[in-house]
Structures are given as structure tokens and as C-alpha cells.
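Here is the structure we will look at.
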Amino acid sequence: MRNILLVWDIDGTLIHCGSCGREALNETFKDLYGIDNAFKYAKIGGAMDSVLLNNIIEKSGISKEDKESIIDKYGKTLMKMLKEYKQNRLLPGIKEILEYTKGHHHIYNTLATSNFEIGARIKLDSHGLNSYFLTGGFGDIEREKWHAVEQAINQTEKHFHISFRKQDIYIIGDTWYDIECANKLGIKSIAVATGWVPYEELVAYHPDFIYRDLSDFNSIMGTILNDV
Ligand SMILES: [Mg+2]
């Protein structure tokens, strides 16, 4: 049987926490430097966290050497924030798919996100999801998201001593950026409209599969297993 790798985006795909990342980053800069709405310096939404942070640091004249302590403070702020954040929710079908794949010997899960690893793990922990993901690629890489996807694939192959065929690797994500990552790497895309991007807009990027949400998890898993 073929070995299948599911590469999961986090925000808008596994969970939705509104603008928690942005708000935690703003609060971090407010606390450390008294800067209001630091995110306005980030320039591009959807970019890797490390790229956003570099932009903010550069534009606000803060020393690059502070980067590590800013990320540390960001993690603490995010953790505190998520404890009381009412908008933070696990998306439909996720728990069921993760449970199903956990018991399946030929399906593996990994993460590919633009979140810093510390932010990603805190967000997943707020829903008890970390144990499903032993590997991943994260926004600490100061490049594009497809580099994080490559890292996730490589790590998973090493960890489980498996080599996945490209046609058996699926990126599951809620934005055009995720679909583009799949196209760049010659792997498959599953778009899901549970984030900020409307279904119709995602359709225009021609993902291999598209769902309004993942609540019909049985038929979705059936589709992936029979996709040969
Ligand atoms: Mg997303």
C-alpha cells in the first residue's frame, strides 16, 4: 500500500484563532518597546513570521540582536492570550481525521506553517493537538512557505525512515499560498475554505481538491485513499 503524507497548515485549516498571532505580536512590541500596532510595519500578510519580524525590527529601529528575546516574549504573550481567547476554535472534522490517521499505518501527518515553531506549538497545545505532529516546517525559516513544506517532508522521511512519492503528498491549507506551495513542489493540494479566503476565490487557483470544511471526514479520507 502507498504511504501518504498529509502536510497541514495551521491557521484557518486546523484551528482558527481570529487574529491572535497579530495581536500577540502587537502586544509584545507594546510591552517591550512601547510601540503601538507594530504589525503595520510587517508589510506583507501571509509571509513567514521571521520575515514579518525582520520587517518590523528594521522599520522600528530595534536591534537585530533582540530577535530571540522578542520571540520568547511573543510565545509567552500568545500563551496567555489563548487561555482567554473566545475566538480560538478547532475546525470541523480535524479531530476525527487526526484520530483516524493516527490509527492508520500508511498515513502520516506533518505541519507546514508560517508560524514560529514556538507559536505553532502553543496554538496546537491550546487544542491538545501536538501529539499528532512529531515533525514540521515552521516560520523560523527566513524564506518562503514552500521551504517550510520541504523541511516538513524531509523531517518526516528521516523520522519514519520512509520515502514518499510526490503524488502521495498532500498540502492541506486555506489560502492560495498553500496551493502555490504544492504547485512549486509538484505535490498535491487540498484547499479548505475555513480560513479568511472564500471558497470561490480558492477555486480560481485550481487546487486538486477543495472543501468548504472538513466535516465530511469519512468521504474526504476515502477520496485521498482512492486517489491513485
Ligand atoms: Mg492558513
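The values are calculated or read from the model by the stated rules, or taken from the named source; none is laboratory data. Quick caveat: nothing in here was measured; it's all calculated off a predicted structure. In this analysis, Cβ positions are derived from the backbone assuming ideal geometry, glycine residues included, and neighbour counts consider all displayed protein chains.
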query: Considering Asp66, Asp49, which residue is among the acidic types (Asp, Glu), closer than 22 Å to Thr194 by Cα and not assigned by TED's automatic domain parsing to the domain that holds Asp174?
result: Asp49
task: Working only within the range 18-45, note down all residues that are within 13 Å of the ligand (Cβ to nearest atom) and crowded, with 24+ Cβ neighbours inside 10 Å.
output: Gly21
query: Just to be sure, is Met48 of a type outside the set (Phe, Trp, Tyr), at pLDDT below 90 and either within 23 Å of Tyr132 (Cα to Cα) or within 16 Å of the ligand (Cβ to nearest atom) (or both)?
result: no
